[in-house]
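The structure's right below; bear with me while I get my questions together.
The values are calculated or read from the model by the stated rules, or taken from the named source; none is laboratory data. On a predicted model such as this, the values are computed, not experimentally measured, just so you know. Cβ atoms come from the backbone with ideal geometry, glycine included; neighbour counts cover every protein chain shown.
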């Protein structure tokens, strides 16, 4: 298997609390992996190790088959790891094109901002990646006028445009309406169509199942099970997660 991310025997403690215990977690190239589990299962801690916020107490992390140690947030981004958080991290009062290129602005040969080029690129992305067809949405549209799902889509497309190899969606459907959630899930499927990899974290197993190729269940800091969605129905998955929550085991 061609894994873009491999985490082997990852453990992490916070004082007396063992947040992760010998966790093995991997994401293949062009794969969407759903990461599910109750609050306190260890999902956030695991992802913060991937993105450089935390260092594991033990275990090894490989990205593109290269071992990485002492990973920082900046280094994770340089490797091509981008996170889209539930708060979306967009500038609501700025235009769409400014949000897409924020911090990575295109410039002319003379060093000035190339607003024309950035607007053209944004318009292309809107149609090809974001699926915006309404004439009411333009590169100069202010982001605060967008729905929650559209804002998430902007953040996802921004990551794709800047060649992220692994995009982490952290509770992306939280606070979204039904129609916004549907649009967000379609944006998430677009990550796979673009040939990239994704970790999809969500409390709603139905959302995860509809997008993921594989689902990994965390429970009390350990991997309780993992399942290919093609081999299991969503009802079976829900039943297994319920069993884990009640007993701590799939047996």
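Out of the residues in segment 72-107 that are within 21 Å of residue 6 (Cβ to Cβ) and in contact with a strand residue (DSSP E or B) (Cβ under 7 Å, 6 or more places away or on another chain), state the one that is modelled with the lowest pLDDT. Step through it out loud before you land on a result.
Just the residues of segment 72-107 that are within 21 Å of residue 6 (Cβ to Cβ), to begin with: 72-73, 75-83.
Then keep just the ones that are in contact with a strand residue (DSSP E or B) (Cβ under 7 Å, 6 or more places away or on another chain); that gives 79-83.
Numbers: 79: 92, 80: 92, 81: 93, 82: 88, 83: 85.
For segment 72-107, the residue satisfying everything is 83.
Within segment 39-53, does at least one residue satisfy the condition of being part of a strand (DSSP E or B) and surrounded by 14 or more Cβ atoms within 10 Å (Cβ to Cβ)? Full working, then the answer.
Narrowing segment 39-53 to residues part of a strand (DSSP E or B): none.
No.
Restricting to segment 146-189, give me the number of residues that are modelled with pLDDT of 85 or more and under 27 Å from residue 114 (Cβ atoms).
3
So how many residues does segment 134-145 have that are at pLDDT 80 or above and not in a helix (DSSP H, G or I)? Give the derivation first.
Filtering segment 134-145 down to residues at pLDDT 80 or above leaves 138-145.
Adding the requirement that they be not in a helix (DSSP H, G or I) leaves 138-142.
Residues meeting the conditions: 5.
For segment 13-38, give me the residue count where each residue is in contact (Cβ under 8 Å) with a residue 60 or more places away in the chain and part of a strand (DSSP E or B). Talk me through it step by step, then tell me what you get.
So in segment 13-38, the residues in contact (Cβ under 8 Å) with a residue 60 or more places away in the chain come out as 18-25, 27-38.
Then keep just the ones that are part of a strand (DSSP E or B); that gives 18-25, 27-28, 32-36.
Count: 15.
Taking segment 108-133 only, how many residues are at pLDDT below 80, in a loop (DSSP other than H, G, I, E, B) and loosely packed, with under 13 Cβ neighbours inside 10 Å?
Within segment 108-133, the subset at pLDDT below 80 is 125-133.
After this cut, where a residue has to be in a loop (DSSP other than H, G, I, E, B) as well, the list is 131-133.
If we keep only those that are loosely packed, with under 13 Cβ neighbours inside 10 Å as well, we get 133.
Looking only at that region, the number is 1.
Restricting the search to segment 14-29, which residues are surrounded by 15 or more Cβ atoms within 10 Å (Cβ to Cβ) and over 13 Å from the mean Cα position of the chain (by Cα)? Break it down into steps so the answer makes sense when it comes.
At the first step, the residues of segment 14-29 found to be surrounded by 15 or more Cβ atoms within 10 Å (Cβ to Cβ) are 18-21, 23, 25-29.
Once the filter is applied, which keeps residues that are surrounded by 15 or more Cβ atoms within 10 Å (Cβ to Cβ) and over 13 Å from the mean Cα position of the chain (by Cα), segment 14-29 yields 18, 19, 20, 21, 23, 25, 26, 28, 29.
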